[in-house]
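This report concerns only the one structure given below.
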């Protein structure tokens with residue numbers, strides 16, 4: 001490449017100082033996908049380019065091909081990324097469809113932070129609704145209306161609520177599971193775990209792929225906040241039911257919901273799971289989530305919300321060895337890349353709620369996002385009629401991607417991050433920054449993956 005006076009450092013160049021190799025920098029490019037380990041001196045030269053340029057013509061040519069040097073203007077790069085994201089999004093809309101059943105809006109717990117608390121304002125006639133066999137049959141028909149090519153259906157269906165596994169819902173859950181398995185599906189479940197023992201007859205790996213069970217810290221704290229509305233404290237019963245899942249060889253992820261008041265419980269829980277034998281079971285994992293403050297929904301005075309900065313700092317300081325879910329996804333992706341198993345892939349969305357998730361709810365609504373079930377303004381359609389009737393919300397949800405987001409398209413991380421949760425932009429209710437330290441999370445995750453790669457090479 002002949003020296004071009006218009007060449008400059010691309011706005012989408014991402015440098016990561018490598019802790020495992022001092023003096024080395026990992027360069028990642030935000031839309032070419034290039035990844036290179038270079039001397040940190042080269043990065044300093046590149047960062048100041050073209051001032052003090054001592055790069056050879058061969059180096060300049062290679063850096064141009066990799067995307068780190070570009071003749072595109074800032075505006076041209078942004079337009080390129082926006083178009084790239086649009087095309088990527090269009091392709092994903094044509095691919096896999098995900099389905100789920102909101103078995104009921106009812107719940108046996110009274111968690112103060114639940115984003116579904118607003119549903120209770122509709123009255124018990126709404127909040128006590130559950131699926132019926134007729135609605136289940138119609139939902140399975142609707143799945144084929146949405147995507148006739150069954151090979152593009154994700155082979156696991158989500159069961160969600162409310163609390164999907166209330167003991168009184170056993171018969172309808174059994175109906176859903178048996179019909180799903182008969183049609184070639186298995187199930188994933190998000191549950192509080194309290195009534196799981198009422199479902200032991202269904203707990204087989206032929207029926208279920210995995211479970212997510214949420215807890216709220218150690219016994220005393222959990223029992224104050226996540227209590228059964230009639231029977232009181234739930235911790236010990238939930239722990240026993242996690243063991244029931246493992247007994248039947250069903251993978252289970254324990255999600256620990258945290259705020260400032262219970263974060264200290266993370267280390268104690270980690271030790272507890274080691275003591276009772278769950279921690280070393282390959283089908284068990286535990287992860288930590290931060291409770292977001294949602295205006296008008298979870299304003300309980302007992303909750304001491306953490307900002308993302310505080311949450312991530314506390315997690316890093318913890319002795320549990322746990323990481324943020326987003327950090328773990330980045331870590332897995334780069335680990336596969338460093339070990340030569342899979343190239344990095346770009347994303348244009350935060351989740352499948354923007355491309356192909358369809359959750360069938362008991363009032364007949366279809367939703368794309370777990371946090372919007374029961375909110376009529378976010379229902380993308382209705383399936384409880386002879387043919388699906390779509391709403392305006394469908395184009396809003398399935399039309400959103402980083403290329404048309406004012407918060408994302410100018411960001412060098414956009415095609416790796418996929419943007420933040422769509423509901424945050426649609427409702428603007430959370431008091432958190434849309435981009436919560438992504439660069440720091442990326443740095444930590446990539447360094448962890450690269451250090452593991454270097455250690456494995458030395459073995």
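List of remarks:
- The lone exception for residue 232 - which of (1) without any contact (Cβ under 8 Å) to a residue 12 or more places away in the chain; (2) crowded, with 16+ Cβ neighbours inside 10 Å it fails: (2)
- Matching residues, region 353-384, being part of a loop (DSSP other than H, G, I, E, B), touching a strand residue (DSSP E or B) at 6+ places or on another chain (Cβ under 7 Å) and within 21 Å of residue 114 (Cα to Cα): 361, 362, 368, 373, 379
- Residue 204 vs. criteria modelled with pLDDT of 95 or more and surrounded by 22 or more Cβ atoms within 10 Å (Cβ to Cβ): no
- Selection status of residue 173, part of a helix (DSSP H, G or I), within 24 Å of residue 106 (Cβ to Cβ) and touching a residue at least 60 places away in the same chain (Cβ under 8 Å): yes
The values are calculated or read from the model by the stated rules, or taken from the named source; none is laboratory data. None of these values were measured; they are calculated from a predicted model. Heads up, the Cβs are rebuilt from the backbone with ideal geometry, glycines too, and the neighbour counts pull from every protein chain shown.
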